[in-house]
């Protein structure tokens, strides 16, 4: 299991960059379009707002690199459907995000979310 990120120190995460192919070799894994799409996706990270970083730290929410990657994919899916401010449900967490800025606005446990009213969201994504 990966070590959880310290949200105060690491507020931005991006998937590893796709390096250049060795000269004379074609990159494995499919067409050029697929490789290009993967490279573009790896450059779009997920950022935590200072408010979200404090909430994650205070509430001791488990947020590691894999969870951030899944949040990024959830934002991609929301964006493809025209959602701008989704509520993302991920591993017992409820996260409100801003898709345009690829930023997590706030986060809480789903148990705490039952007591809350979420406003200014326009979609829900199960990640």
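The values are calculated or read from the model by the stated rules, or taken from the named source; none is laboratory data. Everything numeric here is computed off the predicted structure, so don't read it as measured data. Note that we place each Cβ from the backbone using ideal geometry, even for glycine, and neighbour counts take in every protein chain shown.
The one condition from (1) free of Cβ contacts under 8 Å to residues at least 24 places away in the same chain; (2) farther than 15 Å from residue 63 by Cβ; (3) over 15 Å from the mean Cα position of the chain (by Cα) that residue 79 does not meet is (3).
Residue check: is residue 57 exposed (fewer than 15 other Cβ atoms within 10 Å of the Cβ) and modelled with pLDDT of 90 or more? When the stated conditions are applied, residue 57 passes them. Flag set for residue 82, criterion: on the phi > 0 side of the Ramachandran plot and either part of a helix (DSSP H, G or I) or at pLDDT 90 or above (or both).
You will find that of 73, 55, the residue that is closer than 14 Å to residue 126 by Cβ and assigned to a helix (DSSP H, G or I) is 73 and no other.
Residue-wise test of (1) under 15 Å from residue 45 (Cβ atoms); (2) in contact with a strand residue (DSSP E or B) (Cβ under 7 Å, 6 or more places away or on another chain); (3) exposed (fewer than 15 other Cβ atoms within 10 Å of the Cβ).
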position	(1), (2), (3)
66	yes, no, yes
75	yes, yes, no
82	no, no, yes
87	no, yes, no
97	yes, yes, no
106	no, yes, no
119	no, no, yes
